[in-house]
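The values are calculated or read from the model by the stated rules, or taken from the named source; none is laboratory data. This one's a predicted model, so the numbers in the text were calculated from it and none came from an experiment. We place every Cβ from the backbone using ideal geometry, glycine too, and count neighbours over all the protein chains shown. Protein only, heavy atoms only, side chains kept; ligands, DNA and RNA dropped before computing areas. Shrake-Rupley method; radii C 1.70, N 1.55, O 1.52, S 1.80 Å.
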Amino acid sequence: MDEKKDMTALAEELKKYLGGSWEEYKEVVEYCESRQTGLEGIPAIIGLDDLTDPDRPVYQMAPMDEALHEQLAADTLLFTYLYSQREDRDPHYPCVAPAMSAVAERAFLLEEGEKVPTQYRVMIGQKEK
């Protein structure tokens, strides 16, 4: 089985399912790569659980974040795939790491009543006005 071909096919299916375009995803990657991380805030998703300890309570997401479960999972796969295709990537740095920044950028907030998430840079821009 050709794993690269399978991942490409899966990425295409996910992209179609979400209704996005490669250009849309690539634009977010390029934006994230152009950031000056020392000068600006970087969005992050924090939700770590110790799945090996069933006696501890698990992390509970905010209700708006819970609505993004499917979006976040699919975006993580798509951005990881895009980073794996970059020729300039560091082969010693897992592609999922920068992908998580892109995921948080693209789907930072789902506003009440909305079906499409708001990007971090848009939300920050709105706050600055």
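Give the long-range amide H neighbours of T118: residues separated by 5 or more places, or on another chain, with amide H under 5 Å away, using H modelled in the peptide plane at 1.01 Å from N.
Here F108, L109, L110, E111 satisfy the definition.
Can you sort D90, D75, D55 by 1.4 Å-probe accessible area, starting with the largest?
Details: D90 80, D75 0, D55 140 Å².
Result of the area sort, largest leading: D55, D90, D75.
Leaving ligands, DNA and RNA out of it, rank S101, S34 by accessible area with a 1.4 Å probe, largest first. Mind dumping the intermediate values first?
Values: S101 30, S34 80 Å².
Ranked list, largest accessible area first: S34, S101.
Could you give me the ³J(HN,Hα) list for region 75-92, computed from phi with Karplus coefficients 6.51, -1.76, 1.60 and θ = phi - 60°, whole Hz, x at Gly and Pro?
4, 4, 5, 5, 5, 4, 4, 4, 5, 5, 8, 6, 6, 8, 6, 7, x, 9
Keeping all protein chains in the complex and leaving out DNA, RNA and ligands, what accessible area do you get for V122 with a 1.4 Å probe, in Å² to the nearest 10?
70 Å²
Keeping all protein chains in position, work out how much accessible area F108 exposes to a 1.4 Å probe, and write it in Å² to the nearest 10.
So the heavy atoms of F108 present about 60 Å² to solvent.
Scan region 5-44 for GluC sites (Glu not before Pro) in coil per DSSP, keeping those whose Cβ has at most 15 other Cβ atoms within 10 Å, and list them by number.
On the way: sites: E12, E13, E23, E24, E27, E30, E33, E40; in loops: E40.
In loop regions of region 5-44 (DSSP not H, G, I, E or B), the sparsely surrounded GluC sites (Glu not before Pro) are E40.
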